[in-house]
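Remarks on the structure that follows.
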Amino acid sequence: MDETLFTSQPIHWLAENDKNDKIVPANILDWLLELGSMTKRFEQHSQQVTVIPYLERYVSQDKLSADEVQSLPESPRYWVREVVMYGDGIPWLLGRTIIPEETLTDDDQQLVDIGRMPLGRYLFSRESLTRDYIHIGFCANRWVRSSRLRLSNKPLLLTEIFLPESPAYR
Ligand code: VNL
């Protein structure tokens with residue numbers, strides 16, 4: 001299985017100076033800069049949030065985008081997880097997570113085995129979680145964000161595309 005949910009259109013990233021409400025509508029910005037778990041935020045807008053993994057496998061660096069290569073240390077293998085997140089059965093978000101193999105030590109090896117558990121439930125329960133940055137962009141006419149996080153200082157990269165039906169656009 002070589003398919004990705006993230007191909008067809010390139011993501012355009014905004015410059016750091018463009019992260020303001022003159023460029024990005026204020027209600028959208030508030031979603032994109034959310035510091036907590038997107039699962040929890042979505043739960044405030046639906047009865048039930050579900051996650052269906054679409055792709056979960058190790059890949060070599062040549063399967064990553066140029067942005068991803070730039071954002072993570074070189075590694076022999078990376079764990080890639082792509083999911084669709086639904087609010088009450090409606091697709092709200094595409095999530096892509098890239099984890100260098102070196103990040104998957106000790107407890108954090110569980111990350112390859114979380115299945116339908118939303119990733120945020122794991123990450124935001126870890127005391128060792130820190131964030132380096134959030135980048136904002138768009139892809140076709142959907143808003144996107146990318147966050148580099150660390151578990152005990154070991155990096156991972158999350159990219160989230162907000163689908164048209166998501167409450168971020170209301
Ligand atoms: C997942 C869930 C990933 C929600 C996400 O962004 C997200 C996941 C990367 O379960 O993999 O917002």
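With each pseudo-label sitting 7 Å past Cα toward Cβ, what's the Glu102-Leu33 distance in nm, one decimal?
Modelled inter-label distance: 3.2 nm.
Arg41 to Leu55: extension gain in nm, 0.36 nm per residue of separation minus the Cα-Cα distance?
Contour length minus Cα-Cα distance gives 2.7 nm.
Return the whole-Å distance between the Cα centroid of segment 129-168 and the Cα centroid of segment 23-52.
11
Let me know the Kirkwood hydrodynamic radius for segment 49-95, please, with Cα pairs as the basis and the value in Å to one decimal.
The answer is 12.0 Å.
Show me the three semi-axes of the equivalent ellipsoid for segment 51-126, from the C-alpha gyration tensor (sqrt of 5 times each eigenvalue), largest first, rounded to whole Å.
Equivalent-ellipsoid dimensions as semi-axes: 22, 16, 10 Å.
List the relative contact order of segment 36-170 as a percent without decimals, with contacts defined as Cα pairs under 8 Å and 6+ residues apart.
It rounds to 24 percent for segment 36-170.
Whole number please: convex hull volume per residue, Cα atoms of segment 11-72, in Å³.
Expressed per residue, the convex hull around the Cα atoms of segment 11-72 is 140 Å³.
Over all alpha-carbon pairs in segment 84-159, figure out the percentage whose distance exceeds 14 Å.
For segment 84-159, the fraction of Cα-Cα distances above 14 Å is 66 percent.
Treat the count of other C-beta atoms within 10 Å as a stand-in for reagent exposure and order Thr130, Thr4 from fewest to most.
Going from sparsest to densest Cβ surroundings: Thr130, Thr4.
Could you tell me what fraction of 2.2 N^0.38 Å the Cα radius of gyration of the chain comes to, as a two-decimal ratio?
In units of the globular-protein estimate, the chain measures up at 0.99.
FYI, it's all coordinate maths here, none of it is from the lab. Predicted, not measured: the structure shown is a model, and the values here were computed from it. With ideal geometry, Cβ positions are generated from the backbone for all residues, glycine too; neighbour counts draw on all protein chains shown.
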